[in-house]
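Below: the structure, in structure tokens.
The values are calculated or read from the model by the stated rules, or taken from the named source; none is laboratory data. Computed from a predicted model, the values in this text were never measured in an experiment. Methodologically, a virtual Cβ is constructed for each residue, glycine included, from the backbone with ideal geometry; neighbour enumeration extends over all protein chains shown.
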Amino acid sequence: ADMTVLDIVLHDELRDDFAKECENLLLFDAVYDHIVANLASIAREAESSRALSRESLKRLIEAALAQAGNGSSENDAARLRSQFFDWYQRTAAQPRSARFFRAVEEWKKNASSHISDT
């Protein structure tokens with residue numbers, strides 16, 4: 001029996017996990033958009049050093065998560081950071097994760113015409 005989103009929201013045992021999964025997807029969307037918005041600076045660094053430093057990537061992700069949790073307390077920001085990385089690692093470990101991330105990339109390209117294949 002297939003469940004609808006409404007069925008899941010009304011189901012006491014599933015509601016909290018579903019809400020957290022939705023929050024994780026929103027965090028991922030915010031990080032993705034922030035990275036896309038900063039592609040010029042990423043390209044400059046990559047061109048000059050032939051790599052993107054771990055520190056630069058950390059700053060990008062931290063800024064995106066801070067923006068996503070705008071006005072959150074330090075504890076909430078730490079929770080969101082931990083939650084995002086836990087979700088990302090769990091998702092990346094799934095057998096079809098590459099397909100998921102490619103689908104997101106294609107959807108984002110279609111939704112945002114300013115994103116090119118470069």
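For this structure, a couple of remarks:
- For the range 52-105, the set of residues classified as within 22 Å of residue 36 (Cα to Cα) and basic (Lys, Arg) consists of 54, 58, 59, 81, 99, 102, listed by residue number.
- Selection status of residue 19, without any contact (Cβ under 8 Å) to a residue 60 or more places away in the chain, assigned to a helix (DSSP H, G or I) and within 24 Å of residue 68 (Cβ to Cβ): yes
- So residue 52, is it closer than 22 Å to residue 109 by Cβ, without any contact (Cβ under 8 Å) to a residue 12 or more places away in the chain and within 20 Å of the chain's Cα centre (by Cα): yes
- Scanning the range 67-79 for residues that are assigned to a helix (DSSP H, G or I), without any contact (Cβ under 8 Å) to a residue 12 or more places away in the chain and under 10 Å from residue 27 (Cα atoms) yields a count of 0.
- For beta carbons closer than 7 Å, sequence separation of 6+ or different chains, a first residue in the range 28-40 that is closer than 21 Å to residue 90 by Cα and a second that is among the basic types (Lys, Arg) and part of a helix (DSSP H, G or I), the qualifying pairs are 32/108.
- From the options 6, 14, 27, residue that is on the phi < 0 side of the Ramachandran plot, exposed (fewer than 13 other Cβ atoms within 10 Å of the Cβ), part of a helix (DSSP H, G or I) and at pLDDT 90 or above: 6
- Residue in the range 88-101 that is outside any helix (DSSP H, G or I), surrounded by fewer than 13 Cβ atoms within 10 Å (Cβ to Cβ) and touching a residue at least 40 places away in the same chain (Cβ under 8 Å) present: no
- Among the residues of the range 41-66, the ones that are part of a helix (DSSP H, G or I), of a type in the set (Lys, Arg) and over 22 Å from residue 92 (Cβ atoms) come to 1 in all.
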